[in-house]
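Visitor: Okay, handing you the structure first.
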Amino acid sequence: MKAKQRPLSPFMIGPYYKPQLTSLMSITHRASGVFLSVVGAPLLLWFIIAVASGPEAYDRLLGYLGGWVGKLVLFACVLSLSFHFFNGIRHLVWDTGRALEIKSAYTTGWLVLIATVILSAVLMGVLL
């Protein structure tokens, strides 16, 4: 009898595994952390240096952030920070042993996404 061809890894998305909310949010949590480290932290540092350097440097920063590319980068930072914050709280709740059932995991996942959209909209309304 010939052995069946089985997937070698549970991470093989495609014909073997259907992406789920929990796995997509886990990947997005990691990606948002990397984005905040690579783009968000240097942008924050640039902001702090510009404020400390005086009005000309601050105006130059606002000039860069005032264009559509700057606003897009700022929106991506706000969205990533909001998602990472709320999903981090979700992970802290999981660390206590709570909300680990499938229904709870999906409910908290949707709550994270809703809270992310709301907080991002509020922050972008304040920033723009």
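Visitor: Give, in nm to one decimal, the length gained when the segment between TYR106 and LEU128 is fully stretched (0.36 nm per residue of separation minus the Cα-Cα distance).
Guide: Full extension from TYR106 to LEU128 adds 4.7 nm.
Visitor: Continuing with the same structure: How large is log10 I(q)/I(0) at q = 0.17 Å⁻¹ when the Debye formula is applied to the Cα atoms of the chain, each weighted equally and without solvent?
Guide: -0.96
Visitor: Given Cα pairs under 8 Å that are at least 6 residues apart, what percent is the relative contact order of region 22-127?
Guide: 33
Visitor: Now for a different question. For the chain, find the longest principal axis of its Cα atoms and tell me its angle to the long axis of helix 21-35, 0 to 90°, nearest 10.
Guide: With both axes taken from Cα atoms, the answer is about 30 degrees.
Visitor: So how much slack lies between TYR64 and ALA31, counting 0.36 nm per residue of separation and subtracting their Cα-Cα distance, in nm?
Guide: Here the segment from TYR64 to ALA31 would lengthen by 9.4 nm.
None of the figures in this text is laboratory data; all of them are computed from the coordinates on show. What you see is a predicted model, and the numbers here were worked out from it, not measured in a lab.
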